[in-house]
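Participant: Submitted below is the structure of interest, expressed as structure tokens.
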Amino acid sequence: MNSAEREINKLAVELYDKAAVSGSRFNPAELVDELYIDLVSRFAQERSATDDLIRIAADKAIRSVDRSRTKPVEQGSLADDLDRVLPVGESNRRARRHMDNVDWTNHIAHVTDNAARVNAAAAREQRRYAELSSFLAAGMDTEAALAAWQTEHVDEVLA
């Protein structure tokens, strides 16, 4: 990560955290607009910063295309899904139609790992909600519900 990207990420974190701490709902697209205005005022006259920003934009554009191309889309049959690009290990991608046995093995390992992480995260969120639901139903927000739960479970941590 170059210095311009670090500075942009720092500013983005500050904006995002400020919006999150406000307690209000916020739209990340509005934060993009605010960050854009800030960046234009900071970097408009700097050539090296412009080069860095172009590289960052290229990186983000490729990552965006990668996300859209690798996004699971339900297809009626495998034949209908041959053009989709899939992760096949070591950050590599390959169109399904060209995948060999090694690619399939790596892809299945990737899918299995993702499923396990998603299931673990879902179980954790369901457990948290179950513990807090009576407080939330009483009109509390999460912070107040957690404080009330903690009062009843002094020696426990709601993981």
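The values are calculated or read from the model by the stated rules, or taken from the named source; none is laboratory data. It should be emphasised that the depicted structure is a prediction, and the values quoted were computed from it without experimental measurement. FYI the Cβ positions are ideal-geometry reconstructions off the backbone, even for glycines, and counts take in every protein chain you see.
Participant: Tally time: how many residues in the range 21-53 are loosely packed, with under 10 Cβ neighbours inside 10 Å, at pLDDT below 75 and either touching a helix residue (DSSP H, G or I) at 6+ places or on another chain (Cβ under 9 Å) or closer than 30 Å to GLU143 by Cβ (or both)?
Facilitator: Count: 4.
Participant: Looking at the structure I just gave you, is LYS18 basic (Lys, Arg), exposed (fewer than 11 other Cβ atoms within 10 Å of the Cβ) and either at pLDDT 80 or above or out of contact with any strand residue (DSSP E or B) (no Cβ under 8 Å at 6 or more places or on another chain) (or both)?
Facilitator: no
Participant: Follow-up question, since we're still on this one. Somewhere in the range 142-152, is a residue free of Cβ contacts under 8 Å to residues at least 40 places away in the same chain, surrounded by 12 or more Cβ atoms within 10 Å (Cβ to Cβ), in a loop (DSSP other than H, G, I, E, B) and under 26 Å from the mean Cα position of the chain (by Cα)?
Facilitator: No: the range 142-152 contains no residue that is free of Cβ contacts under 8 Å to residues at least 40 places away in the same chain, surrounded by 12 or more Cβ atoms within 10 Å (Cβ to Cβ), in a loop (DSSP other than H, G, I, E, B) and under 26 Å from the mean Cα position of the chain (by Cα).
A quick yes/no check of all residues on (1) surrounded by 11 or more Cβ atoms within 10 Å (Cβ to Cβ); (2) among the hydrophobic types (A, V, I, L, M, F, W, C); (3) in contact with an Asp or Glu (Cβ under 9 Å, 6 or more places away or on another chain); (4) not in a helix (DSSP H, G or I):
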| residue | (1), (2), (3), (4) |
| --- | --- |
| ARG55 | yes, no, yes, no |
| ASP66 | yes, no, no, no |
| VAL73 | no, yes, yes, yes |
| GLY76 | no, no, no, yes |
| ASP103 | yes, no, no, no |
| VAL111 | yes, yes, no, no |
| ASN114 | yes, no, no, no |
| ALA122 | no, yes, no, no |
| GLN126 | no, no, no, no |
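Participant: Okay, next question. Go through (1) more than 18 Å from the chain's Cα centre (by Cα); (2) outside any strand (DSSP E or B) one by one and return the number of the condition ARG94 breaks.
Facilitator: Answer for ARG94: the failing condition is (2).
Participant: Out of (1) farther than 29 Å from ALA20 by Cα; (2) in contact (Cβ under 8 Å) with a residue 12 or more places away in the chain, what's the single condition that is false for THR105?
Facilitator: (2)
Participant: For GLY23, which of the numbered conditions (1) free of Cβ contacts under 8 Å to residues at least 24 places away in the same chain; (2) part of a helix (DSSP H, G or I) fails to hold?
Facilitator: For GLY23, the failing item is (2).
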